[in-house]
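Enquirer: So that we are looking at the same thing, I have put the structure below in structure tokens.
Taken together, the values in this text are just the output of simple stated rules run on the coordinates, not laboratory data. For clarity, every value in this text was computed on a predicted model and none was experimentally measured. Backbone-built Cβ (ideal geometry, glycine too); neighbour counts: all protein chains shown.
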Amino acid sequence: MASSGGLFINNNVSFIGDFSLNLGVQTAFFAEVMVAIIAIETTIDRGWSHLWLEMDSTLLLQAFKTSSLVLGLYIIDGLIVFT
């Protein structure tokens with residue numbers, strides 16, 4: 001069974017939201033992808049202008065680096081930054 005989640009904090013390090021997902025029987029890579037997708041969707045839905053997404057999946061970071069489909073995402077010092 002796989003599950004994932006994330007926290008949203010602002011630039012003042014104040015908690016502004018969170019999410020969790022029960023993904024059933026899935027791979028760790030799938031769970032990492034889902035966290036990134038949900039975080040990006042939530043950022044867009046709430047009208048936030050920036051997202052600093054931290055994760056430890058080298059494979060997922062490589063997928064973002066090489067994808068021409070992901071607009072507004074940049075890799076800075078190994079972190080995904082959405083602008």
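Enquirer: Can you tell me the length gained on complete extension of the stretch residue 22 to residue 52, counting 0.36 nm per residue apart and subtracting the Cα distance?
Expert: Here the answer is 8.5 nm.
Enquirer: Sticking with this structure for a sec: 7 Å from Cα along Cα→Cβ at both residue 62 and residue 44: what's the point-to-point distance in nm?
Expert: So the label points at residue 62 and residue 44 sit 2.6 nm apart.
Enquirer: Which net charge results when you count Lys and Arg as +1 and Asp and Glu as -1 among the other residues whose beta-carbon is under 13 Å from that of residue 51? Let's see the in-between values first.
Expert: Working: positive: 46; negative: 41, 45, 54.
Around residue 51, the surrounding residues sum to -2.
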